[in-house]
Amino acid sequence: PQGLAAFGEVGLAGEVRPVPNGAERLREAAKHGFTRAVIPEANAPKQAIEGIEVIPVKRLSEALEAVF
C-alpha cells in the first residue's frame, strides 16, 4: 500500500531478522513521506519517531497480516 515502508531480512523458516541502522532507516522513511513501516522487532526504536507508525514483527506471517 502507498505510504508503507518495510525492511528486514527474511530467513528460510519465515523469521524476520534485523538489519543495520534500523532507526536511521525509519527516520529517512518518515522524511520521505512514509507513514507506516513494517520492521523486524529487534529494530524497533526505543522512542517513537514522529510521523511514522512502526509495526514490529518477528515472522513473515505477521508482516503479511499487518499489510493485508
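Computed quantities for the displayed model
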quantity	calculated
Breaking point among (1) open to solvent by less than 70 Å² (accessible area, probe 1.4 Å); (2) touching a residue at least 24 places away in the same chain (Cβ under 8 Å); (3) touching a helix residue (DSSP H, G or I) at 6+ places or on another chain (Cβ under 9 Å), for Pro1	(1)
Single unsatisfied condition, Ile39 versus (1) open to solvent by 100 Å² or more (accessible area, probe 1.4 Å); (2) assigned to a strand (DSSP E or B)	(1)
In the range 4-36, residue surrounded by the fewest Cβ atoms within 10 Å (Cβ to Cβ) [restricted to those that are of a type in the set (Lys, Arg) and in a helix (DSSP H, G or I)]	Lys31
Cβ-Cβ under 6 Å pairs, at least 6 apart or on other chains, the range 50-68 side of a type in the set (Gly, Ala, Ser), far side surrounded by 15 or more Cβ atoms within 10 Å (Cβ to Cβ) and assigned to a helix (DSSP H, G or I)	Gly51/Ala30
Within the range 53-68, considering residues that are in a strand (DSSP E or B) and touching a helix residue (DSSP H, G or I) at 6+ places or on another chain (Cβ under 7 Å), the one least open to solvent (accessible area, probe 1.4 Å)	Val57
Filter result for Phe68 (touching a strand residue (DSSP E or B) at 6+ places or on another chain (Cβ under 8 Å) and not hydroxyl-bearing (Ser, Thr, Tyr))	no
Among residues of the range 42-52, those that are under 24 Å from Gly11 (Cα atoms) and surrounded by 14 or more Cβ atoms within 10 Å (Cβ to Cβ), counted	3
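The values are calculated or read from the model by the stated rules, or taken from the named source; none is laboratory data. These numbers were taken from a predicted model, which means no experiment stands behind them. Here Cβ is always computed from backbone atoms with ideal geometry, including for glycine, and neighbour counts include all displayed protein chains. Accessible surface is based on the protein model in full, side chains and every heavy atom, while ligands, DNA and RNA are left aside. Shrake-Rupley method; radii C 1.70, N 1.55, O 1.52, S 1.80 Å.
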